Amino acid sequence: MTNKRNVPLRTLVAGTVFFSATAFSAPTVIPDAPELGAKGYVLMDYHTGKVLVEKNAHDKLNPASLTKLMTSYVAGQEMKSGNIGEDDLVVISRNAWARNFPDSSKMFIEVNTEVNMMDLYRGLIIQSGNDASVAIAEHVAGSEGAFVSLMTRGRKSST
(Lines give C-alpha, C1' and ligand atoms only; values in the text may rest on other atoms or scores of the structure.)
Protein backbone atom coordinates (compact mmCIF):
# COMPACT_ATOMS: atom_id res chain seq x y z
CA MET A 1 0.00 0.00 0.00
CA THR A 2 1.36 3.36 -1.09
CA ASN A 3 0.71 6.45 0.87
CA LYS A 4 -0.13 9.33 -1.47
CA ARG A 5 1.63 11.79 0.83
CA ASN A 6 4.95 9.97 0.28
CA VAL A 7 4.81 10.33 -3.53
CA PRO A 8 6.21 13.90 -3.61
CA LEU A 9 8.97 12.87 -1.18
CA ARG A 10 9.88 9.85 -3.30
CA THR A 11 9.90 12.02 -6.43
CA LEU A 12 12.21 14.50 -4.72
CA VAL A 13 14.60 11.74 -3.59
CA ALA A 14 14.63 10.12 -7.05
CA GLY A 15 15.30 13.48 -8.71
CA THR A 16 18.11 14.26 -6.29
CA VAL A 17 19.76 10.90 -6.93
CA PHE A 18 19.42 11.32 -10.71
CA PHE A 19 20.84 14.84 -10.80
CA SER A 20 23.63 13.94 -8.36
CA ALA A 21 24.69 11.08 -10.61
CA THR A 22 24.80 13.31 -13.67
CA ALA A 23 26.72 15.99 -11.80
CA PHE A 24 29.44 13.51 -10.89
CA SER A 25 29.69 12.22 -14.44
CA ALA A 26 30.51 15.66 -15.85
CA PRO A 27 33.64 15.77 -18.02
CA THR A 28 36.92 16.53 -16.29
CA VAL A 29 38.08 20.07 -16.89
CA ILE A 30 41.84 20.45 -17.19
CA PRO A 31 42.94 24.05 -16.62
CA ASP A 32 45.61 25.71 -18.71
CA ALA A 33 49.13 25.39 -17.36
CA PRO A 34 50.18 28.31 -15.16
CA GLU A 35 52.56 30.89 -16.56
CA LEU A 36 55.91 30.50 -14.81
CA GLY A 37 58.68 33.05 -14.78
CA ALA A 38 61.34 30.36 -15.15
CA LYS A 39 63.47 30.27 -18.29
CA GLY A 40 63.05 26.53 -18.46
CA TYR A 41 61.52 23.59 -16.61
CA VAL A 42 60.55 19.94 -16.96
CA LEU A 43 57.82 18.07 -15.08
CA MET A 44 57.94 14.29 -15.44
CA ASP A 45 55.82 11.41 -14.22
CA TYR A 46 57.97 9.61 -11.64
CA HIS A 47 56.76 6.12 -12.56
CA THR A 48 56.73 6.32 -16.35
CA GLY A 49 59.35 8.96 -17.08
CA LYS A 50 56.85 10.65 -19.41
CA VAL A 51 57.35 14.40 -19.75
CA LEU A 52 54.10 16.03 -18.65
CA VAL A 53 55.06 19.63 -19.35
CA GLU A 54 58.24 21.42 -20.33
CA LYS A 55 59.58 24.76 -21.39
CA ASN A 56 62.93 25.06 -23.15
CA ALA A 57 63.82 21.57 -21.96
CA HIS A 58 66.62 21.18 -24.49
CA ASP A 59 68.14 24.65 -24.10
CA LYS A 60 71.41 25.02 -22.22
CA LEU A 61 70.71 27.18 -19.16
CA ASN A 62 73.19 28.29 -16.52
CA PRO A 63 72.47 26.49 -13.23
CA ALA A 64 73.25 29.45 -10.96
CA SER A 65 71.43 28.19 -7.90
CA LEU A 66 72.79 24.68 -8.32
CA THR A 67 76.29 26.12 -8.46
CA LYS A 68 75.60 28.08 -5.27
CA LEU A 69 74.35 24.93 -3.55
CA MET A 70 77.53 23.12 -4.55
CA THR A 71 79.60 26.10 -3.36
CA SER A 72 77.79 25.92 -0.03
CA TYR A 73 78.35 22.17 0.19
CA VAL A 74 82.07 22.34 -0.63
CA ALA A 75 82.63 25.28 1.74
CA GLY A 76 80.79 23.41 4.49
CA GLN A 77 82.97 20.34 3.93
CA GLU A 78 86.10 22.51 4.02
CA MET A 79 84.97 24.05 7.33
CA LYS A 80 84.12 20.61 8.71
CA SER A 81 87.55 19.27 7.79
CA GLY A 82 89.27 22.31 9.34
CA ASN A 83 90.79 23.64 6.11
CA ILE A 84 88.99 26.95 6.63
CA GLY A 85 87.35 28.41 9.72
CA GLU A 86 83.98 29.96 10.43
CA ASP A 87 85.76 32.99 11.87
CA ASP A 88 88.18 33.46 8.96
CA LEU A 89 88.28 37.01 7.63
CA VAL A 90 88.04 36.99 3.86
CA VAL A 91 89.41 39.93 1.87
CA ILE A 92 87.02 40.72 -0.96
CA SER A 93 88.77 40.79 -4.32
CA ARG A 94 87.87 42.98 -7.27
CA ASN A 95 86.74 39.75 -8.97
CA ALA A 96 84.18 39.07 -6.22
CA TRP A 97 83.07 42.68 -5.92
CA ALA A 98 79.32 43.20 -6.16
CA ARG A 99 79.45 45.58 -9.12
CA ASN A 100 80.73 42.76 -11.34
CA PHE A 101 77.25 41.21 -11.17
CA PRO A 102 74.72 43.67 -12.58
CA ASP A 103 71.09 42.55 -12.39
CA SER A 104 71.87 39.57 -10.16
CA SER A 105 71.35 38.73 -6.52
CA LYS A 106 74.23 39.83 -4.34
CA MET A 107 75.37 40.61 -0.84
CA PHE A 108 76.72 44.06 -1.83
CA ILE A 109 80.18 43.54 -0.40
CA GLU A 110 82.85 46.10 -1.29
CA VAL A 111 86.27 45.42 -2.75
CA ASN A 112 89.18 45.16 -0.26
CA THR A 113 86.89 44.83 2.78
CA GLU A 114 87.26 41.96 5.23
CA VAL A 115 84.14 39.85 5.73
CA ASN A 116 83.72 37.03 8.23
CA MET A 117 83.41 33.61 6.56
CA MET A 118 80.06 32.84 8.25
CA ASP A 119 78.66 36.18 7.08
CA LEU A 120 79.66 35.25 3.52
CA TYR A 121 78.10 31.82 4.01
CA ARG A 122 74.84 33.44 5.13
CA GLY A 123 75.02 35.85 2.20
CA LEU A 124 75.38 32.89 -0.13
CA ILE A 125 72.52 30.86 1.36
CA ILE A 126 70.04 33.55 2.40
CA GLN A 127 70.62 36.25 -0.21
CA SER A 128 71.86 33.91 -2.96
CA GLY A 129 74.73 36.36 -3.36
CA ASN A 130 76.93 35.85 -6.41
CA ASP A 131 79.58 38.08 -4.87
CA ALA A 132 79.61 35.97 -1.69
CA SER A 133 79.89 32.81 -3.79
CA VAL A 134 82.98 34.09 -5.61
CA ALA A 135 84.58 35.35 -2.38
CA ILE A 136 84.04 31.93 -0.74
CA ALA A 137 85.43 30.13 -3.80
CA GLU A 138 88.55 32.29 -3.79
CA HIS A 139 89.03 31.83 -0.04
CA VAL A 140 88.63 28.05 -0.19
CA ALA A 141 90.73 27.33 -3.29
CA GLY A 142 92.63 30.51 -4.20
CA SER A 143 90.73 31.18 -7.43
CA GLU A 144 87.40 30.47 -9.08
CA GLY A 145 89.05 28.04 -11.51
CA ALA A 146 90.70 26.05 -8.72
CA PHE A 147 87.40 26.00 -6.83
CA VAL A 148 85.56 24.65 -9.88
CA SER A 149 88.03 21.74 -9.98
CA LEU A 150 87.50 21.15 -6.26
CA MET A 151 83.73 21.31 -6.74
CA THR A 152 83.87 18.84 -9.62
CA ARG A 153 85.95 16.39 -7.58
CA GLY A 154 83.47 16.74 -4.70
CA ARG A 155 80.54 16.05 -7.00
CA LYS A 156 82.19 12.94 -8.45
CA SER A 157 83.08 11.56 -5.02
CA SER A 158 79.55 12.08 -3.68
CA THR A 159 77.87 10.11 -6.50
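The values are calculated or read from the model by the stated rules, or taken from the named source; none is laboratory data. Since this is a predicted model, take the numbers as computed values, not measurements. Note that each Cβ is placed from the backbone with ideal geometry, even for glycine, and that neighbours are counted across all protein chains shown.
Within segment 28-62, how many residues turn out to be outside any strand (DSSP E or B) and either of a type in the set (Phe, Trp, Tyr) or surrounded by 10 or more Cβ atoms within 10 Å (Cβ to Cβ) (or both)?
Total satisfying the criteria: 8.
Taking the condition of being crowded, with 20+ Cβ neighbours inside 10 Å and within 11 Å of ASN130 (Cα to Cα), how many residues in segment 86-97 meet it?
1
Return a yes/no flag: does segment 124-131 have any residue that is touching a residue at least 12 places away in the same chain (Cβ under 8 Å), in a loop (DSSP other than H, G, I, E, B), polar (S, T, N, Q) and out of contact with any helix residue (DSSP H, G or I) (no Cβ under 9 Å at 6 or more places or on another chain).
There is at least one residue in segment 124-131 that is touching a residue at least 12 places away in the same chain (Cβ under 8 Å), in a loop (DSSP other than H, G, I, E, B), polar (S, T, N, Q) and out of contact with any helix residue (DSSP H, G or I) (no Cβ under 9 Å at 6 or more places or on another chain).
Can you name the residue in segment 78-104 that is of a type in the set (Gly, Ala, Ser) and free of Cβ contacts under 8 Å to residues at least 24 places away in the same chain and is also nearest to LEU36 (Cα to Cα) among such residues?
The residue in question is SER81.
Can you tell me which residue in segment 100-159 is nearest to the chain's Cα centre (by Cα), limited to those that are surrounded by 13 or more Cβ atoms within 10 Å (Cβ to Cβ) and of a type in the set (Val, Ile, Thr)?
ILE125
Conditions tested, residue by residue: (1) at pLDDT 95 or above; (2) in contact with a Ser or Thr (Cβ under 8 Å, 6 or more places away or on another chain); (3) of a type in the set (S, T, N, Q).
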residue: LEU52; (1), (2), (3): no, no, no
residue: ALA57; (1), (2), (3): no, no, no
residue: PRO63; (1), (2), (3): no, no, no
residue: LEU69; (1), (2), (3): no, no, no
residue: GLN77; (1), (2), (3): no, no, yes
residue: GLY82; (1), (2), (3): yes, no, no
residue: ASP88; (1), (2), (3): yes, no, no
residue: ILE92; (1), (2), (3): yes, yes, no
residue: ASN95; (1), (2), (3): no, no, yes
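For ALA75, indicate whether it is assigned to a helix (DSSP H, G or I), of a type outside the set (Lys, Arg) and farther than 30 Å from LEU36 by Cα.
yes
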